[in-house]
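Contents: one structure, followed by commentary.
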């Protein structure tokens with residue numbers, strides 16, 4: 001993209017999340033083109049990446065009206081915008097079941113659903129939320145290799161399906177199959193893994209015409225789109241980030257979200273300290289792979305703490321205290337969740353206009 005201009009007048013405080021809405025829209029249109037003519041039925045974008053009402057409105061304006069959420073707050077955000085269909089793709093337990101019930105009652109025009117991977121949870125959810133004549137929709141969560149949640153491919157899937165079908169307070173709606181462990185840079189290798197999972201789906205699930213099958217994280221959803229007519233649930237594609245940009249050159253999405261930071265100290269020769277700590281950019285990756293500074297041609301990240309990030313660079317003499325710098329996050333999803341708003345890039349210039357990160361907080 002073009003160089004981001006940082007205005008001298010009305011400067012945006014740092015650290016700040018900044019967002020290019022034009023690039024977001026282009027990324028959504030790219031998702032639509034990959035999903036093809038049936039995109040309005042197939043696409044179920046994940047809200048967890050951006051958590052913003054305004055970004056959700058962009059999806060809705062393009063005819064996308066089904067979403068996937070990780071939190072009840074994300075689901076509430078989409079319901080407030082009158083989204084038709086929202087899947088909570090995070091099995092609710094304990095008080096969160098009642099919180100989901102409150103959401104269902106508050107927004108009766110929206111169809112909600114949840115994933116489950118065991119009969120105990122399925123019963124608790126259906127008994128709390130399901131009503132006579134209005135059963136609650138449940139998707140069986142399948143563990144296709146990520147080993148995080150879900151049932152591995154086996155005959156036990158059919159047992160859970162039968163229990164749901166026989167529950168008057170529940171309705172079996174289909175399968176949720178998230179392949180977030182497939183991160184091979186080679187598209188051939190990724191495609192082979194997708195085909196392996198597809199074969200297991202057809203072998204173990206025996207889906208009917210009325211069952212919705214939800215597949216495809218951001219790295220694989222284009223492959224699933226090519227090989228099947230199933231539902232697709234990319235998330236990071238909306239904003240993209242350096243991690244995916246470097247790993248998946250076959251996917252032509254553009255980075256739409258960045259971090260504005262400033263030099264706050266020059267503690268020693270060749271050292272620059274920025275106001276960009278763990279609380280401003282996702283820090284789950286190794287130190288050298290958390291944020292990138294494309295305008296600084298030579299540097300090494302030395303340390304990061306809660307509010308500071310220090311780099312070593314022979315170019316330190318070019319920078320003075322207070323100088324703004326643009327960082328490109330490695331992982332945008334948890335980075336967005338660290339900010340309450342995103343300042344917008346308009347005509348390649350950072351503006352004071354902002355979009356709220358609506359569902360950053362949990363209920």
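The values are calculated or read from the model by the stated rules, or taken from the named source; none is laboratory data. What you are looking at is a predicted structure, and each value in this text was computed from that prediction instead of being measured. Note: ideal-geometry Cβ built from the backbone for every residue, glycine included; neighbour counts use all protein chains shown.
Being touching a residue at least 60 places away in the same chain (Cβ under 8 Å) and out of contact with any helix residue (DSSP H, G or I) (no Cβ under 6 Å at 6 or more places or on another chain) is the filter here; which residues of segment 77-101 pass it?
87, 89
Select the strands (runs of 3 or more DSSP E) contained entirely in segment 170-274, then report the ones holding at least 2 residues which are under 30 Å from residue 151 (Cα atoms) and assigned by TED's automatic domain parsing to the domain that holds residue 159.
Fully inside segment 170-274 and qualifying: 170-177, 212-215.
Of all residues being in contact (Cβ under 8 Å) with a residue 12 or more places away in the chain and part of a strand (DSSP E or B) in segment 142-161, which is farthest from the chain's Cα centre (by Cα)? Just the residue, please.
Checked segment 142-161; the qualifying residue farthest from the chain's Cα centre (by Cα) is 151.
If only one of 116, 104 is free of Cβ contacts under 8 Å to residues at least 40 places away in the same chain, surrounded by 13 or more Cβ atoms within 10 Å (Cβ to Cβ), on the phi < 0 side of the Ramachandran plot and within 27 Å of the chain's Cα centre (by Cα), which one is it? Spell out how you get there, then give the answer.
Numbers: 116 fails: free of Cβ contacts under 8 Å to residues at least 40 places away in the same chain.
Result: 104 is the single residue among 116, 104 that is free of Cβ contacts under 8 Å to residues at least 40 places away in the same chain, surrounded by 13 or more Cβ atoms within 10 Å (Cβ to Cβ), on the phi < 0 side of the Ramachandran plot and within 27 Å of the chain's Cα centre (by Cα).
Out of curiosity, is residue 3 outside any loop (DSSP other than H, G, I, E, B) and surrounded by fewer than 20 Cβ atoms within 10 Å (Cβ to Cβ)? Before you say what the answer is, go through the steps one by one.
Numbers: outside any loop (DSSP other than H, G, I, E, B): no; surrounded by fewer than 20 Cβ atoms within 10 Å (Cβ to Cβ): yes.
Criteria not met by residue 3.
Among the residues in segment 286-308, are any in a loop (DSSP other than H, G, I, E, B), surrounded by 15 or more Cβ atoms within 10 Å (Cβ to Cβ), in contact with a helix residue (DSSP H, G or I) (Cβ under 8 Å, 6 or more places away or on another chain) and at pLDDT 95 or above?
No, because not a single residue in segment 286-308 is in a loop (DSSP other than H, G, I, E, B), surrounded by 15 or more Cβ atoms within 10 Å (Cβ to Cβ), in contact with a helix residue (DSSP H, G or I) (Cβ under 8 Å, 6 or more places away or on another chain) and at pLDDT 95 or above.
Exactly one of these conditions fails for residue 164: (1) in a loop (DSSP other than H, G, I, E, B); (2) over 22 Å from residue 32 (Cα atoms); (3) modelled with pLDDT of 95 or more. Give me its number.
(1)
Hey, does segment 9-16 have a residue that's buried (at least 19 other Cβ atoms within 10 Å of the Cβ) and either part of a helix (DSSP H, G or I) or under 15 Å from the mean Cα position of the chain (by Cα) (or both)?
There is no residue in segment 9-16 that is buried (at least 19 other Cβ atoms within 10 Å of the Cβ) and either part of a helix (DSSP H, G or I) or under 15 Å from the mean Cα position of the chain (by Cα) (or both).
Just need a number here: residues in segment 58-93 that are closer than 19 Å to residue 360 by Cα and either outside any loop (DSSP other than H, G, I, E, B) or under 14 Å from the mean Cα position of the chain (by Cα) (or both).
So the count comes out to 21.
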